[in-house]
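Trainee: I'd like to ask some things about the structure below.
A short reminder: the numbers here are calculations on the coordinates, not readings from a lab. Predicted model, so just to flag it, every value in this text is computed and none were measured. In this analysis, Cβ positions are derived from the backbone assuming ideal geometry, glycine residues included, and neighbour counts consider all displayed protein chains.
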Amino acid sequence: EVERMPVPPGHADKPFFGISYFASFGCPEPCGFCCAPEVSGMRWKCMPAERMLDDLCGLHERWGFDTLRFYDANWGVMEKRSAAFARGLLERDLRFWWYSLMQSSSVVRYAPATLDAMRDSGMYVAQLGAESGDEAMLRQIGKHMHASDNLDAAAEMDRRGICTWMTYIIGFPGEDS
């Protein structure tokens, strides 16, 4: 089955053209359910914001896409890079919708100005790795966050009109509820 991109604003009744893009590799999180710690050694290597912007400008000029999905395992690791990317889109007047996978804990630690810039630059969906709403289970699987981060992150995105998709894993070994 092909994963379909979420319909961007203004395209409910018309087709849109979307592309997928990788801007980083790996993830620094030690989550016990994921292959990334083993595959990347908990390293995260990212493309700098300026290079991303240059590349996406060229792709957008050539293809004129409407939406972009960052296929990174954890796009939002570095707030400084996320803010520079969002501000760069605005400064270059590069208009397309975009979305990425981030951690709830990243969203709650980001400055409101960064989240605002992400919204203003076209972020329309935040896929958040929530995994569990249980504090003990989050500790057991190695997530460096609190269960309340999921709700707080969703509220921050909702305030900005950014749709939130959260991934939860149901049935961890030893989970009884």
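Trainee: Sorted by average packing, counted as other Cβ atoms within 10 angstrom per residue and highest first, what order do 86-98, 48-60 take?
Mentor: 86-98, 48-60
Trainee: Also, I was wondering about something else. On the first, second and third principal axes, largest extent first, how far apart are the outermost C-alpha atoms of the chain in Å?
Mentor: In descending order, the Cα extents are 51, 37, 35 Å.
Trainee: Specify whether the C-alpha gyration tensor of region 87-132 places it in the rounded, prolate or oblate class, a ≥ b ≥ c being the square roots of the eigenvalues: rounded for a/c under 1.5, otherwise prolate if a/b is larger than b/c and oblate if not.
Mentor: Cα axes put region 87-132 in the oblate bin.
Trainee: Can I ask one more? Let me have the relative contact order for the chain, percent, based on Cα pairs under 8 Å that are six or more residues apart.
Mentor: It comes to 20 percent, rounded to a whole number.
Trainee: Still on this model: For R62 and A12 in one chain, what is 0.36 nm times their gap in residues minus the Cα-Cα distance, to one decimal in nm?
Mentor: Extra length available between R62 and A12 comes to 15.6 nm.
Trainee: Go ahead and estimate [θ] at 222 nm for the chain from helices alone: -39,500 (n - 2.57) per DSSP H run with n ≥ 4, summed, over the residue count, rounded to 500.
Mentor: -11000 deg cm²/dmol
Trainee: Provide the net charge surrounding I141, with neighbours chosen by a C-beta distance below 13 Å and charges set as Lys +1, Arg +1, Asp -1, Glu -1.
Mentor: Taking every Cβ under 13 Å from that of I141, the sum is -3.
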